[in-house]
1. Say whether the condition of being open to solvent by less than 30 Å² (accessible area, probe 1.4 Å), of a type in the set (A, V, I, L, M), in contact (Cβ under 8 Å) with a residue 24 or more places away in the chain and not in a helix (DSSP H, G or I) is met by at least one residue in the range 144-153.
2. Hey, does the range 35-49 have a residue that's within 29 Å of Val257 (Cβ to Cβ), out of contact with any His (no Cβ under 7 Å at 6 or more places or on another chain) and assigned to a loop (DSSP other than H, G, I, E, B)?
3. Go through Gly167, Gly185 for me and flag whichever is surrounded by 18 or more Cβ atoms within 10 Å (Cβ to Cβ), among the small types (Gly, Ala, Ser) and within 24 Å of Ile250 (Cα to Cα).
4. Which condition does Cys119 not pass, out of (1) more than 20 Å from Lys97 (Cα to Cα); (2) in contact with a strand residue (DSSP E or B) (Cβ under 7 Å, 6 or more places away or on another chain), if it passes all the others?
5. Inside the range 78-89, can you point out the residues that are buried (at least 18 other Cβ atoms within 10 Å of the Cβ) and touching a Gly at 6+ places or on another chain (Cβ under 8 Å)?
6. Name the single residue that is nearest to Val131 (Cα to Cα) among those in the range 56-77 being among the polar types (S, T, N, Q) and open to solvent by less than 10 Å² (accessible area, probe 1.4 Å).
7. Checking the conditions here, which among Leu179, Leu161 is within 19 Å of Val285 (Cα to Cα), free of Cβ contacts under 8 Å to residues at least 60 places away in the same chain and open to solvent by 10 Å² or more (accessible area, probe 1.4 Å)?
8. Please state which one of Ala212, Ala224 is touching a Phe, Trp or Tyr at 6+ places or on another chain (Cβ under 7 Å), under 23 Å from Phe154 (Cβ atoms) and hydrophobic (A, V, I, L, M, F, W, C).
Amino acid sequence: MTFSPADARAAELPAAVRELYPWTGRLFTHPSGLKQHVIEVGPEDGPVLLFVHGNPTWSFYWRDLIKGLSETYRCVAIDHIGCGLSDKPQEWSYHLKDHQENLARIIEALDLQHATLVCHDWGGPTGYGAVLLAGADRFERFVVFNTLSRFGEFPLSIKSLRWPVYGSLAVRGFNAFLLFALKRGTSKPGQYKGPIGEGYLAPYRNWHDRIAIHRFIADIPVEANHPTAWAKEQLAEGIRTQADKPHLIIWGMQDFVFHQFFLRGWKEDVPGAEVIEVDDANHFVVEDAKDRVLPWVSDWLQRT
């Protein structure tokens, strides 16, 4: 069996988080033996929506969209290795190409067809790369939230977390990146004081569990000779080959990491995209504009 139940891992989530995120999901076993958490909600024969999260989140980020769309759509959401309810190996590579290959295997194992990719943050380069690997003919539409259109300049507050010793201590020791994201990456920081904040924190309680958060940061190809420098051209190719397909881009305009440089890139590379600029939303646009995002996405899916 490629898939196995994830009941025990889901049961470890706090009760208040389980109320917001009621799904158990399954564990997909890769050839390496690593187990990756996948949830599927909605009719088996419904149109497919594949949700791919970024850093430092997990599939919890998509919960409201999944609840609102799963009556009609087959909603599939993954947790990257190291994230959410997936395995958190300490010796694995955590390079972008490996996340892409993992996602491509899941796409093939579930035989996703006529699908829509829904992505945010690192979910953009992961998702578009996996589309190339699994077969572009499997995907018909794309919904994009604040993510990379190309690799550009990142703020010092992010780059400093790649420094030896300091970065590990801050990200894995003090959980600084996730806590900072929940405060600085939103226009409504108060919403994370209760169960929603607990939902984001639950899978990342200690040094061991925060490895992926740190390794995603380390994998940003700042240097020309970085091991992931190749991704700059691959991302451009992935977007270019899909640019003639319907795209909906919903962008939190207060985002200081994925700022307007990246939004301009999407507009240039996918000129036919429908773009919604959300002036009162930050990086966590799905949370900040949750009352509007679901109607926008639902309407667009029906029209396209």
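The values are calculated or read from the model by the stated rules, or taken from the named source; none is laboratory data. All values reported here derive from a predicted model rather than from experimental measurement. In this analysis, Cβ positions are derived from the backbone assuming ideal geometry, glycine residues included, and neighbour counts consider all displayed protein chains. All accessible areas refer to the heavy atoms of the entire protein, side chains included, with ligands and DNA or RNA removed. Shrake-Rupley method; radii C 1.70, N 1.55, O 1.52, S 1.80 Å.
1. The first filter runs over the range 144-153 and keeps only residues open to solvent by less than 30 Å² (accessible area, probe 1.4 Å), leaving 144-149, 152.
From the residues that got through so far, the ones that are of a type in the set (A, V, I, L, M) too are 144, 148.
When the remaining residues are screened for being in contact (Cβ under 8 Å) with a residue 24 or more places away in the chain, the result is 144, 148.
Narrowing the set further to residues that are not in a helix (DSSP H, G or I) leaves 144, 148.
Yes.
2. No, the range 35-49 has no match at all.
3. Working: Gly167 fails: within 24 Å of Ile250 (Cα to Cα).
Result: Gly185 is the single residue among Gly167, Gly185 that is surrounded by 18 or more Cβ atoms within 10 Å (Cβ to Cβ), among the small types (Gly, Ala, Ser) and within 24 Å of Ile250 (Cα to Cα).
4. Of (1) more than 20 Å from Lys97 (Cα to Cα); (2) in contact with a strand residue (DSSP E or B) (Cβ under 7 Å, 6 or more places away or on another chain), only one is false for Cys119: (1).
5. Initially, the range 78-89 is screened for residues buried (at least 18 other Cβ atoms within 10 Å of the Cβ), giving 78-88.
Of everything in the range 78-89, those that are buried (at least 18 other Cβ atoms within 10 Å of the Cβ) and touching a Gly at 6+ places or on another chain (Cβ under 8 Å) turn out to be Leu85, Lys88.
6. Per the criteria, the residue is Ser59.
7. On the way: Leu161 fails: within 19 Å of Val285 (Cα to Cα).
Every option except Leu179 fails the conditions.
8. Working: Ala224 fails: touching a Phe, Trp or Tyr at 6+ places or on another chain (Cβ under 7 Å).
From the options Ala212, Ala224, the qualifying one is Ala212.
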